[in-house]
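S.K.: One structure, pasted below without further comment.
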Ligand SMILES: C[S@@+](CC[C@H](N)C(=O)[O-])C[C@H]1O[C@@H](n2cnc3c(N)ncnc32)[C@H](O)[C@@H]1O
């Protein structure tokens, strides 16, 4: 984990807006978002609660742009008539050591699905029979597997790999490399990951070496324009607007029999995503929900 400074930003919002605001923070690059229930100051009833949402961003040259984007989003919600108090907004510069300690405390070995165990690279883990262990240090990249959208993608991938042999996969928005590396550990022959964040690409390459999967994994900076070839499995754990924009492009990177796993979709966003899938001429084969998020498996033909 790098020791650059991070800023935590938090705001109080009505319950019904909590998911969209959290989604916006993740879109802007917050690696995780924490929700807490707090008393609703605007209500006389002690039983009424609001959500306190906290996200975090590196304190670098991109921070003020991200802060303006969050403020603009809050304003757009207010313009639509929602009661989000622009003053109920705070930011705290985190001590790098505190930030790293907090983040490390949350990341412990855990099992996803039937065989895969994700463990922080600094923890000892003795695998039980049949378990496949992935040692990860996500650094500043997204992808510990703690986030429900990553877990959903991993679960859907496991089911897909149980049903058929997958020789190649493409991971769009590979972050720490978790999806590609989990796929390779579970039997995929070759994997390519692509991420617009060059730092994430470095982290993913390091994780590939750490797990001795570097011969079968390639991580590239940028996005689809840098990818060649076609794949049996395309994974994309991104966010709604980008998935809608990209879903048709995924077809160009898919084998005839291939499938796409989409994640990063909130339950209430499932419908626009489904519409975009149909419009792209693809077929939704399966979807799975967890903790307010949905993952979808999509194929070329029904
Ligand atoms: C939600 S994270 C997913 C990380 C990891 N694949 C996982 O499942 O945990 C999304 C990642 O997509 C990257 N990203 C965002 N827009 C992208 C784009 N247009 N093309 C490629 N990567 C993108 C971000 O930098 C981030 O690392």
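Bear in mind that the values in this text are calculations on the coordinates, not laboratory data. Keep in mind that what you see is a predicted model, and the values were worked out from it rather than measured.
S.K.: Given the C-alpha centroids of segment 219-272 and segment 154-218, what is the distance between them in whole angstrom?
M.R.: After rounding, the separation between the Cα centres reads 14 Å.
S.K.: Normalise the Debye intensity by I(0) for segment 103-201, one equal point scatterer per Cα, no solvent, then take log10 at q = 0.19 Å⁻¹ and round to two decimals.
M.R.: -0.92
S.K.: What translational D, rounded to a whole number of µm²/s, comes out for segment 259-302 from Stokes-Einstein when the hydrodynamic radius is the Kirkwood one over Cα pairs, at 20 °C and 1.002 mPa s?
M.R.: Details: Rh = 10.3 Å.
D = 208 µm²/s.
S.K.: Given a 10 angstrom Cα cut-off, can you work out which residue in 177, 90, 81 is the most mobile in a GNM of the chain?
M.R.: 81
S.K.: Give the Cα extents of segment 141-299 along the principal axes, in whole Å, largest first.
M.R.: So the three principal-axis extents are 39, 31, 30 Å.
S.K.: Which residue, 174, 62, 223, tops the fluctuation ranking in a GNM of the chain built on C-alpha contacts under 10 Å?
M.R.: Of 174, 62, 223, the most mobile in the Gaussian network model is 62.
S.K.: If you restrict to DSSP beta bridges whose two residues both lie in the chain, what percentage is antiparallel, to the nearest 5? Write down the numbers at each step before the final one.
M.R.: Details: 37 of 62 bridges.
If I count the DSSP bridges inside the chain, around 60 percent turn out antiparallel.
S.K.: Roughly what angle does helix 270-279 make with the longest principal axis of the chain, taking Cα atoms, 0 to 90 degrees, to the nearest 10?
M.R.: Between the helix axis and the principal axis of the chain, the angle is about 50 degrees.
S.K.: Quote the Stokes-Einstein diffusion coefficient, in whole µm² s⁻¹, for segment 206-298, based on the Kirkwood radius over alpha carbon pairs, a temperature of 4 °C and a viscosity of 1.567 mPa s.
M.R.: Details: Rh = 14.3 Å.
The Stokes-Einstein estimate is 91 µm²/s.
S.K.: In degrees between 0 and 90, to the nearest 10, how far off the longest principal axis of the chain does helix 148-163 point, with axes built from Cα atoms?
M.R.: 20
S.K.: Using Cα springs under 10 Å in a Gaussian network model of the chain, which residue among 172, 278, 201 shows the largest mean-square fluctuation?
M.R.: Looking only at 172, 278, 201, the largest GNM fluctuation is found for 278.
S.K.: What percent does the relative contact order of segment 200-302 come to when contacts are Cα pairs within less than 8 Å and at least six residues apart? Don't skip to the answer; put the middle values down first.
M.R.: On the way: 149 pairs, mean separation 23.3, N = 103.
Rounded, it is 23 percent for segment 200-302.
S.K.: Give me the angle, in degrees from 0 to 90, between the Cα long axis of helix 198-210 and the longest principal axis of the Cα atoms of the chain, rounded to the nearest 10.
M.R.: It works out to around 50 degrees.
S.K.: I'd like the per residue volume of the convex hull spanned by the Cα atoms of the chain, given in cubic angstrom.
M.R.: Working: hull volume 43.4 nm³, N = 302.
Dividing the Cα hull volume of the chain by its residue count gives 144 Å³.
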